[in-house]
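Handing you this structure, nothing more for now.
The values are calculated or read from the model by the stated rules, or taken from the named source; none is laboratory data. Remember, it's a predicted structure, so these values are computed and weren't measured experimentally. Because the Cβ atoms are built from the backbone with ideal geometry, glycine has one as well, and the counts that use them run over all protein chains shown. These area figures cover heavy atoms from the full protein model, side chains too; ligands, DNA and RNA do not enter into them. Shrake-Rupley method; radii C 1.70, N 1.55, O 1.52, S 1.80 Å.
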Amino acid sequence: RKSKTEAEVAAESTAGERADAVPQAVTGAAQADEASEDGPIFPLTTVVLAAVRFARPLTVSGRRMRHVVPEDKNLARDVRRQLRLVVAGLMGSGKSTLCRMLANLLGGHWVNQDEFSHKGKAAKRAFLEEIERESRDRRIPVLIVDKINTLRQHRREILDAMDHGVSGDTVFVQMSHPNDAPGHLDSMVKLCIERIQGRGEGHRTLLASNPKVRSILKMTAGGAEPMQPDELQRLSACIAVDVTQPPVQAAMQVLADLDAHHLLGRLCLHDLVTHDRLSEALEVAQGAERQLASSAGHTSSHGVGKTGANVAVHAVSRKPATPVWYWTLDFDSEAVAT
């Protein structure tokens with residue numbers, strides 16, 4: 001028998017030490033796990049795989065994931081669908097202020113019926129065409145429509161115009177007074193009259209100087225038609241807004257209700273109702289209203305005469321009174337009664 005060389009003896013000794021070391025390492029790890037009271041015991045392979053997983057970016061179908069969406073964000077709604085808010089209420093109920101704030105907070109487009117009043121008889125068609133055009137635009141995530149909407153026909157026309165657009169979710173937002181019983185708008189009319197008188201001439205259509213403000217509001221409220229089942233089937237949700245709330249609280253309520261109906265998409269409610277965001281939206285709305293009042297006051301007079309008196313435009317441009325015609329019939333002596 002040939003004697004082993006010194007190199008072979010050294011190799012066998014090293015291999016034996018390695019074989020003895022593996023059981024000792026596993027036994028030591030097991031004893032450490034058994035002694036641990038912090039949680040369940042995980043196999044060594046699990047720890048290794050976890051380390052490998054977090055040591056490199058996550059991939060899905062060969063593409064790197066840029067971020068992980070927090071679980072608290074609402075992703076139930078398909079963000080490719082357009083969110084449409086149809087706001088309804090009497091003149092002076094605060095619709096325009098609420099719409100301006102929601103448009104600022106949600107990054108939406110606001111279509112206001114009053115903006116088309118200068119078109120005369122073509123105002124209605126232009127208003128509906130604008131709704132249809134913006135409903136077709138996929139770049140508009142939120143569409144807000146501002147109209148009194150007390151009549152069933154008006155609501156149906158708006159919904160029909162929206163149906164020509166891309167897929168979307170339509171929400172009906174009704175301005176209401178908590179003291180009014182169903183089918184009655186007495187408290188709402190009283191509050192709206194006070195607000196119209198308070199804003200003065202800062203409106204495009206219904207001015208405080210109009211002597212028929214009270215009768216117009218009462219007539220509009222008296223002709224209000226309730227929502228029918230066929231209308232409700234075309235809506236994703238209905239939201240009632242308390243008009244006695246300040247504008248910020250009203251906007252917060254609408255946003256909270258939209259979130260409760262899973263209609264905010266990728267927008268996070270907590271990011272929308274921060275003090276800074278709400279204050280900014282309110283300032284934008286009030287700034288637009290101040291500008292409107294200022295422009296109305298500027299155009300309400302056409303100049304100063306020698307006496308220094310301002311003459312209101314609406315008084316000068318008032319339509320002439322309808323002429324009254326009198327007809328007389330003269331009968332001579334030969335006329336015979338028949």
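Can you compute the label reach from Glu225? Point 7 Å from Cα along the Cβ direction, backbone N cut-off under 14 Å, restricted to segment 137-154.
149-154
Report, in listed order, any pair from Lys190/Lys212; Lys95/Lys190; Lys95/Lys119 with a Cα-Cα distance greater than 18 Å.
Among Lys190/Lys212; Lys95/Lys190; Lys95/Lys119, the Cα-Cα distance tops 18 Å for Lys95/Lys119.
Express the accessible area of segment 114-196 per residue in Å², computed with a 1.4 Å probe while the remaining protein chains stay in the model. Present the calculation step by step, with values, prior to reporting the outcome.
Details: 4370 Å² over 83 residues.
With the other protein chains kept in place, segment 114-196 gives 53 Å² per residue.
With every protein chain left in place, what is the accessible area of Leu278 in Å² (1.4 Å probe, nearest 10)?
In the full protein context, Leu278 sits at about 10 Å².
Report the rotationally averaged projected area of segment 224-283 based on its alpha-carbon convex hull, in square nanometres.
Working: hull surface 22.0 nm².
Averaged projected area of segment 224-283's Cα convex hull equals 5.5 nm².
Now a separate question. Would you kindly state how much longer the chain becomes between Lys121 and Arg290 on full extension, computed as 0.36 nm times their sequence separation minus their alpha carbon distance, in nm to one decimal?
Gain in length upon complete extension: 58.0 nm.
Another one. Can you give the accessible area of Arg136 in Å² (nearest 10), computed on protein heavy atoms with a 1.4 Å probe?
The value for Arg136 is about 130 Å².
Output the relative contact order of segment 85-216, whole-number percent, from Cα pairs under 8 angstrom with separation of 6+ residues.
Taking the mean separation of contacting Cα pairs over the length of segment 85-216, I get 34 percent.
How much accessible surface does Val284 have with a 1.4 Å probe, in Å² rounded to 10?
My reading of the accessible area for Val284 is about 70 Å².
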